[in-house]
Amino acid sequence: MEAILRDGFDGSFAAVIAGYEYTSYQVFDSATDIGLLMEYQYDDRSVSEPVTLADNDWFGGGRLALNDVQDTVVLAGVVVDVDTSETFFNIEAERRIGNNIILELRVRAITGAELGEPAYAFSRDDYAQLQIARYF
């Protein structure tokens, strides 16, 4: 949990992020771990303060760690705004190839953002990124 109470430009405001993560280890008698994540995000600053997207949102997601030699990990989740139904999707995956190459995938998308809402500025910024990095 993280919390703040602050005097801002337009009076006092509070913000809180609280979450929970539960991991099941060695699922189905394998080396694989599966984690379930949940988080609540709240911020009550006024409209004259800097914009925040995490004003009344829920996050749910999962982490899959194969615990293999290639260190394969996938993290996926979704954030839903309770008031506006704006939805943010996030997927991150990573896997080593050999001793010095890493393959990474990132996918991010926002849906349901309407004109005038803070997330609308990012609603056309969905992307998928595939990266191959070589370390030496």
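The values are calculated or read from the model by the stated rules, or taken from the named source; none is laboratory data. None of the values given here were measured: they were computed from a predicted structure. Quick reminder, even Gly has a Cβ in these numbers, built from the backbone with ideal geometry, and neighbours come from all protein chains shown.
What about VAL51, is it surrounded by fewer than 13 Cβ atoms within 10 Å (Cβ to Cβ) and out of contact with any Leu (no Cβ under 6 Å at 6 or more places or on another chain)? Yes, satisfied. Exactly one residue out of ILE102, ILE110 is in a strand (DSSP E or B) and either in contact with a Pro (Cβ under 7 Å, 6 or more places away or on another chain) or modelled with pLDDT under 95 (or both): that is ILE110.
Matching residues to (1) farther than 30 Å from ARG6 by Cβ; (2) within 12 Å of the chain's Cα centre (by Cα); (3) of a type in the set (S, T, N, Q):
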| site | (1), (2), (3) |
| --- | --- |
| SER24 | yes, no, yes |
| THR32 | yes, no, yes |
| ASP55 | no, no, no |
| TRP58 | no, yes, no |
| ASP68 | yes, no, no |
| GLY77 | no, yes, no |
| ASN99 | yes, no, yes |
| ILE102 | yes, no, no |
| TYR135 | yes, no, no |
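All conditions in (1) out of contact with any strand residue (DSSP E or B) (no Cβ under 8 Å at 6 or more places or on another chain); (2) in contact (Cβ under 8 Å) with a residue 60 or more places away in the chain hold for ALA119, with the sole exception of (1).
Within the stretch 81-105, the set of residues being touching a residue at least 12 places away in the same chain (Cβ under 8 Å) and either loosely packed, with under 15 Cβ neighbours inside 10 Å or on the phi > 0 side of the Ramachandran plot (or both) comprises VAL82, ASP83, SER85, ILE97, ASN100, ILE101, GLU104, LEU105.
Taking the criterion of being among the hydrophobic types (A, V, I, L, M, F, W, C), closer than 22 Å to GLY98 by Cα and surrounded by 13 or more Cβ atoms within 10 Å (Cβ to Cβ), the residues of the stretch 54-80 that qualify are LEU64, ALA65, LEU66, VAL73, VAL74, LEU75.
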